[in-house]
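K.L.:
Here it is, the structure, as structure tokens.
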Amino acid sequence: MFPFDVILFDVGGVLLTNGWDTRERGEVLERFHLDCAAFESRHREPYRAWERGAMTATSYLDATVFYEPRSFSREEFFAAICGQSKLLPQGALGTLRELAASNQYLLGALNNEARETNEYRFTTFGLRNCFRVALTSCYLGLRKPDAAIYARALEILGRPAERILFIDDREENTTAARQAGMRAIQFRGDDALRYELKGLGVL
């Protein structure tokens, strides 16, 4: 009897770098010579909508960057956003691939991500080859750490909460998962993760 039926992974901060967090935004804004404070004042609410699938990438960029003429195109700016996605040093992608190869668990993503960047990251880094389910905010219309996204994930998976293991780098997200009845590990590097997985009998 395996200890879990399902193992869910966050993506940014666990498998890959964050796609469009504060540091990544800063690098892109500097490259395009945009005022960071002006961008951030426009960013928060459109980004929440984009992550929930309530706004397209084009609409998000229109609200935050292209509300006035620019010397660069939307395509160039979006390519720079995608370029921020990289393999995470000491990330868990190797562990994910090992678990996928074992074919012992239903593996999936439970992550906050906008549709266009999520599809880029899944395709570019081969995550679709490992995940059998994508419980991403842009598909569910809900974001972590809201309790509703964990409840929806449980409904979709159809498994008891205690049979689901969730791995995320942010404490507020793992806390919310535990409150939903899942087992959760806060990611602090792949070595530490593998140690905990071995202790749980997963590896």
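K.L.:
With the structure loaded, tell me whether Gly181 is out of contact with any helix residue (DSSP H, G or I) (no Cβ under 9 Å at 6 or more places or on another chain), assigned to a loop (DSSP other than H, G, I, E, B) and not hydrophobic (A, V, I, L, M, F, W, C) or whether it fails that test. Spell out the reasoning first.
P.N.:
On the way: out of contact with any helix residue (DSSP H, G or I) (no Cβ under 9 Å at 6 or more places or on another chain): no; assigned to a loop (DSSP other than H, G, I, E, B): yes; not hydrophobic (A, V, I, L, M, F, W, C): yes.
It is false that Gly181 is out of contact with any helix residue (DSSP H, G or I) (no Cβ under 9 Å at 6 or more places or on another chain), assigned to a loop (DSSP other than H, G, I, E, B) and not hydrophobic (A, V, I, L, M, F, W, C).
K.L.:
Then there is this: Could you tell me whether any residue of the range 154-164 is part of a strand (DSSP E or B), over 30 Å from Arg74 (Cβ atoms) and at pLDDT 95 or above? Write out each step before concluding.
P.N.:
Step one: of the range 154-164, the residues part of a strand (DSSP E or B) are 164.
Among the residues that remain, those that are also over 30 Å from Arg74 (Cβ atoms) are: 164.
Then keep just the ones that are at pLDDT 95 or above; that gives 164.
Yes, that holds for at least one residue.
K.L.:
A follow-up question, please. Please pick out the residue among Arg115, Arg159 that is closer than 17 Å to Asp5 by Cα and either within 13 Å of the chain's Cα centre (by Cα) or assigned by TED's automatic domain parsing to the domain that holds Gly94 (or both).
P.N.:
Numbers: Arg115 fails: closer than 17 Å to Asp5 by Cα.
One residue alone meets the criteria, Arg159.
K.L.:
Return a yes/no flag: does the range 141-154 have any residue that is under 25 Å from Ala49 (Cβ atoms), among the β-branched types (Val, Ile, Thr) and within 14 Å of the chain's Cα centre (by Cα).
P.N.:
yes
K.L.:
Give just the number: which of (1) among the hydroxyl-bearing types (Ser, Thr, Tyr); (2) buried (at least 16 other Cβ atoms within 10 Å of the Cβ); (3) touching a residue at least 60 places away in the same chain (Cβ under 8 Å) does Thr56 not satisfy?
P.N.:
Going through (1) among the hydroxyl-bearing types (Ser, Thr, Tyr); (2) buried (at least 16 other Cβ atoms within 10 Å of the Cβ); (3) touching a residue at least 60 places away in the same chain (Cβ under 8 Å) one by one, Thr56 breaks only (2).
K.L.:
Now a separate question. Ser102 - would you say it is of a type in the set (S, T, N, Q) and within 15 Å of Ile7 (Cβ to Cβ)? Working first, answer last.
P.N.:
On the way: of a type in the set (S, T, N, Q): yes; within 15 Å of Ile7 (Cβ to Cβ): yes.
When the stated conditions are applied, Ser102 passes them.
Quick grid of which residues meet (1) polar (S, T, N, Q); (2) crowded, with 20+ Cβ neighbours inside 10 Å:
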site: Phe78; (1), (2): no, no
site: Gly83; (1), (2): no, no
site: Lys86; (1), (2): no, no
site: Ala100; (1), (2): no, no
site: Thr123; (1), (2): yes, no
site: Leu127; (1), (2): no, yes
site: Cys130; (1), (2): no, yes
site: Tyr139; (1), (2): no, no
site: Leu142; (1), (2): no, yes
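The values are calculated or read from the model by the stated rules, or taken from the named source; none is laboratory data. The structure displayed is predicted, hence computed values, not measured ones. So basically every Cβ, Gly included, is an ideal-geometry build from the backbone, and we count neighbours across all protein chains shown.
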